[in-house]
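K.L.:
Below you will find the structure I want to go over with you.
Bear in mind these aren't lab numbers, they're just calculated from the coordinates by the rules spelled out. These numbers were taken from a predicted model, which means no experiment stands behind them. Please note: Cβ atoms are built from the backbone with ideal geometry, for glycine as well, and neighbour counts cover all protein chains shown.
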Amino acid sequence: MDRNDVPAYPVGLRLAGRRVVVLGGGQVAQRRLPSLVSAGADVVLISTSATASVEAMIAAGEVRWERRRYAYGDLEGAWYVVVATDDPEANAAASAEAEERRVWCVRSDDADAATAWTPATGRSEGVTVAVLTGSDPRRSAAVRDAVVEGLRDGSLAAPRRRARTVGVALVGGGPGDPDLITVRGRRLLAEADVVVADRLGPRDLLDELPPHVEVIDAAKIPYGRAMAQEAINAALVEHAKAGKAVVRLKGGDPFVFGRGMEEAQALAEAGIPYTVVPGISSSISVPGAAGIPVTHRGVAHEFTVVSGHVAPDDPRSLVDWAALARLRGTLVVLMGVEKIGAIAAALVAHGRDADTPVAVVQEGTTAAQRRVDAVLGTVGGVVKAEGVRPPAVIVIGDVVTVGADRE
């Protein structure tokens, strides 16, 4: 029977503290070394040269380098060897020594002559996925990618058999497009028992949840407006204490005008474990989706993000509008649609040019996205005339005019 027609026997090697020899310091070694180092192997590289990335690993003390050619005896005491030089004779000799010493040997130049094959591997939350398809490495990689992605986003059902750690995950859902939530955020949603969702969160993700998941609309929690946050905090604590895995799904990032720290403090006071999953903030993603860079070489070397939910003359405002007017960079205003007229007037009064370009992007990254352009002196009236409504991100500065011409 031809050995190459027999399927490989899959096994996980525990290489921590064990000698592994890598012959050749080129691109193959550059791909293989990080996983060997992560596995805790005692890696010895034998090669006359190495790529810059491999040299960086050597300089960091992760790999021991013997700068020379392979010689018989180099595999003594090794548990595993990767043969990847550009010298066919050296590769064949090392492979023969590995066979003699019964050391599992991977050959980059001749898979049929190897005694071991490297699977396409991927990792997700403590799970290692390894795929072998014989002589078709591209298919191996494709299957690996599909399985890992399914585990990460929850589309591949793989319930945990060990007890889960109950608590609350404060998850930033991103600016609105469900594809822009982080991988970790999507996975935690797939594992949740209860989801407390904001109206500005990626609502389409809620339709993907299993039927048993309880979804609580934070905007509809009873109590007066002043008590809404306290009621949300209480709901998080109540469900977590009941032993459920809770996700607090918020738009954007939990800590960028998202009151996430208030919820974290309430959970900490109640002794509830929590984790924070950062999200893509609308302050940079929405302008980007509308073709506006918040910084650009030669145009803006800074950008400032402020809340516009209270007017500049409101005693509750913590924003120094006079200082902002003196800045030369980009100003991004969140939650400012209702107050944009007063905000623009304050900036102009404090010295910002009334002809400064302004773009207002409504419902950015979603199918309903639209962009309205104006200048600082007219934006208040334009927003009213165009019927712009929240949620919208307002970008003020010369970066608004940077980019491809628009029809």
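K.L.:
Hey, what number do you get for the chain at 222 nm if only DSSP H runs of n ≥ 4 count, each worth -39500 (n - 2.57), divided across all residues, to the nearest 500? Please list the in-between numbers first.
P.N.:
Details: 11 runs with 116 residues, N = 407.
Theoretical 222 nm ellipticity from helices: -8500 deg cm²/dmol.
K.L.:
A further question on this structure: Can you quote the Å³ per residue value for the convex hull of the Cα atoms in region 167-277, rounded to an integer?
P.N.:
Details: hull volume 10.1 nm³, N = 111.
Enclosed volume per residue, from the Cα hull, is 91 Å³.
K.L.:
Ok, one more. Ranking I394, I284 by Cβ neighbours within 10 Å, fewest first, what do you get? Show your work: numbers first, answer last.
P.N.:
Numbers: I394 29, I284 20.
Least crowded to most crowded, the residues run I284, I394.
K.L.:
Any idea how many Lys pairs in the chain come in under 27 angstrom at the alpha carbon, given 8 or more places apart or on separate chains?
P.N.:
On the way: K220/K241; K220/K244; K220/K250; K220/K339; K241/K250; K250/K339; K339/K384.
Value for the chain: 7.
K.L.:
In square nanometres, what is one fourth of the surface area of the convex hull spanned by the alpha carbons of region 333-392? Walk me through the numbers before you get to the answer.
P.N.:
Values: hull surface 14.7 nm².
Directional mean of the projected Cα hull area for region 333-392 stands at 3.7 nm².
K.L.:
Find how much the distance from A56 to A92 grows on full extension, using 0.36 nm per residue of separation minus their present alpha carbon separation; answer in nm with one decimal.
P.N.:
Working: separation 36, 0.36 × 36 = 12.96 nm, distance 2.85 nm.
So the extension gain works out to 10.1 nm.
K.L.:
While we're on this one: Run the dipole for the chain about the Cα centre, Lys and Arg Cβ at +1, Asp and Glu Cβ at -1, nothing else charged, and hand back the magnitude in debye, nearest 20. Provide the component values of the computation, followed by the final result.
P.N.:
Numbers: 45 positive and 51 negative charges, 165 e Å.
Magnitude of the dipole: close to 800 debye.
K.L.:
Follow-up question, since we're still on this one. What residues of region 292-328 lie in the reach of a label at H350, counting those whose backbone N is under 15 Å from a point 7 Å from the Cα along Cα→Cβ?
P.N.:
Output list for this probe position: 304-328.
K.L.:
At a Förster radius of 56 Å, what calculated FRET efficiency corresponds to the Cβ-Cβ distance of Y9 and A231, to the nearest 0.05?
P.N.:
Plugging the Cβ-Cβ distance into 1/(1 + (r/R0)^6) gives 0.45.
K.L.:
For region 3-118, what does the relative contact order come out to in percent, with C-alpha contacts under 8 Å and a separation of six or more?
P.N.:
Details: 202 pairs, mean separation 28.2, N = 116.
Across region 3-118, relative contact order equals 24 percent.
K.L.:
Just want to confirm a number: the relative contact order over the chain, from Cα pairs under 8 angstrom separated by 6+ residues, in percent. Display every interim value, and only then the final one.
P.N.:
Working: 766 pairs, mean separation 41.0, N = 407.
Reported relative contact order: 10 percent.
K.L.:
Among L206, S35, S282, which residue has its Cα positioned farthest towards the positive end of the charge dipole of the chain, with +1 placed on the Cβ of Lys and Arg, -1 on the Cβ of Asp and Glu, and the dipole taken about the Cα centre?
P.N.:
Comparing the listed Cα positions along the dipole, L206 ranks first.
K.L.:
Between T48 and T401, how many nm apart are label points set 7 Å from Cα along the C-beta direction?
P.N.:
Simple spin-label model gives 6.0 nm for this pair.
K.L.:
Taking the Cβ of each residue in R123, R152 as the centre, tally the other Cβ atoms inside 10 Å and list the residues starting with the fewest.
P.N.:
Values: R123 14, R152 20.
In increasing order of surrounding Cβ atoms, one gets R123, R152.
K.L.:
Could you work out, for the chain, what percent of all Cα-Cα pairs fall into each 20 Å distance bin, beginning at 0 Å and stopping at the bin that holds the largest distance?
P.N.:
Over the chain, the share of Cα pairs per 20 Å bin runs 22, 36, 32, 10, 0 percent.
K.L.:
Across all directions of projection, what mean area in square nanometres is found for the Cα convex hull of region 190-341? Display every interim value, and only then the final one.
P.N.:
Details: hull surface 46.2 nm².
That works out to 11.6 nm².
K.L.:
Nothing charged except the Cβ atoms of Lys and Arg (+1) and of Asp and Glu (-1): what's the magnitude of the dipole of region 283-401 about its Cα centre? Round to the nearest 20 debye.
P.N.:
Numbers: 10 positive and 11 negative charges, 26 e Å.
Its charge dipole is roughly 120 debye.
K.L.:
When all C-alpha to C-alpha distances in region 288-351 are sorted into bins of 10 Å, what percent of pairs does each bin hold, rounded to whole numbers?
P.N.:
21, 51, 25, 3
K.L.:
Within a 10 angstrom radius of the beta carbon, how do D398, D353 rank from fewest other beta carbons to most? Display every interim value, and only then the final one.
P.N.:
Details: D398 16, D353 13.
By the 10 Å Cβ count, ascending: D353, D398.
K.L.:
Okay, next question. For region 283-401, report the % of Cα-Cα distances exceeding 20 Å.
P.N.:
Cα-Cα pairs in region 283-401 separated by more than 20 Å: 33 percent.
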